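Data first, discussion second: the structure below is written as structure tokens.
Since every read-out is calculated from the coordinates, none of them should be taken as a lab result. On a predicted model such as this, the values are computed, not experimentally measured, just so you know. Reconstructed Cβ throughout: ideal geometry from the backbone, glycine too, with neighbour counts over all protein chains shown.
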Amino acid sequence: MRTVEPEVFLVARPELDYDELARYLEDVGGLSWLERLDRDQLDAQNLAEFAGRLCYRSFEPGLNPNVTRIRTEQDAYLRNILASAHGSVLEHISFSFVLHNVSRVFTHELVRHRPGVAISQESLRFVRLDELPFWFPDWAREDAELMKRATAVLDQLEEFQTWMADHFGLDEEGVPFAEKKHRTSFMRRFAPEGVATGLVWTANVRTLRNTIEARTAQGAEEEIRLVFGRIGELMKEEAPALFGDYVIKDGAWIPGWRKV
């Protein structure tokens with residue numbers, strides 16, 4: 001048994017093609033809006049603003065006869081998007097995370113958030129366990145008797161995984177992969193739900209906002225609170241105009257605008 005800590009890696013973010021934006025804006029008007037943009041690692045916010053302005057053709061006053069004045073500051077524009085719950089424009093912006101050393105308790109809860117996400121999870125049907133990595137919260141680590149008994153249980157389960165692999169002869173030469181897969185699928189049944197695993201989780205900003213709020217709430221499971229608190233911090237750095245409205249209270253991320 002090896003103790004681990006859940007980790008979050010932000011591995012992919014939006015990237016705008018500003019040349020293509022310019023070609024579009026040359027046709028409909030609004031190149032002055034493009035010239036105002038800060039292109040320094042703010043592609044997520046720029047995409048949200050572009051999608052919102054396209055809806056009303058509000059890149060410049062006068063492109064839409066109904067629009068005689070516009071918000072020129074991006075922060076103010078995106079605050080209005082959030083305040084008016086114009087959340088559809090946030091669905092164009094997706095981020096991908098590797099969630100490492102998270103338990104299957106965590107992943108069972110995470111998959112309940114389905115709209116606007118993509119998931120690729122490590123398969124224990126194919127990946128044979130030779131150890132049982134496990135996360136313990138601080139309060140559990142401080143309980144010596146609990147840790148002694150928990151470690152003993154996990155060590156026994158880990159030893160059983162090793163015994164089964166040897167018993168089935170999985171490392172002998174010439175064992176077909178299909179046979180290894182079949183046995184490994186059986187062996188995973190003896191791994192606890194708390195065993196650490198990993199996945200790639202991609203979500204759009206609208207989903208991210210809702211999930212951060214739901215999964216950092218005080219009533220949420222403690223591991224998922226920990227992970228989504230870290231995701232919240234990452235997103236506040238990546239797109240401050242889209243995540244800067246949150247107030248953090250006792251670990252809970254409370255948005256200024258709900259149900260965007």
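The table below gives the values:
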| read-out | value |
| --- | --- |
| Every residue from segment 223-239 that is in contact (Cβ under 8 Å) with a residue 40 or more places away in the chain, under 21 Å from ARG13 (Cβ atoms) and out of contact with any Phe, Trp or Tyr (no Cβ under 6 Å at 6 or more places or on another chain) | VAL227, ARG230, ILE231, LEU234, GLU238, ALA239 |
| Segments classed as helices (runs of 4 or more DSSP H), wholly inside segment 73-191, with at least 1 members that are within 19 Å of the chain's Cα centre (by Cα) | 104-110 |
| Those residues of segment 123-138 which are surrounded by 15 or more Cβ atoms within 10 Å (Cβ to Cβ) and either in contact with an Asp or Glu (Cβ under 6 Å, 6 or more places away or on another chain) or of a type outside the set (Lys, Arg) (or both), in sequence order | LEU124, LEU129, LEU132, PRO133, PHE134, TRP135, PHE136 |
| Criterion (among the acidic types (Asp, Glu) and under 28 Å from VAL200 (Cα atoms)) met by exactly one of GLU122, GLU159, GLU60, GLU142 | GLU122 |
| Qualifying positions in segment 17-41 - more than 28 Å from PRO65 (Cβ to Cβ) and touching an Asp or Glu at 6+ places or on another chain (Cβ under 9 Å) | GLN41 |
| Single match in ARG206, ARG215 (criterion: in contact (Cβ under 8 Å) with a residue 60 or more places away in the chain, in contact with a Ser or Thr (Cβ under 8 Å, 6 or more places away or on another chain) and farther than 30 Å from THR162 by Cβ) | ARG206 |
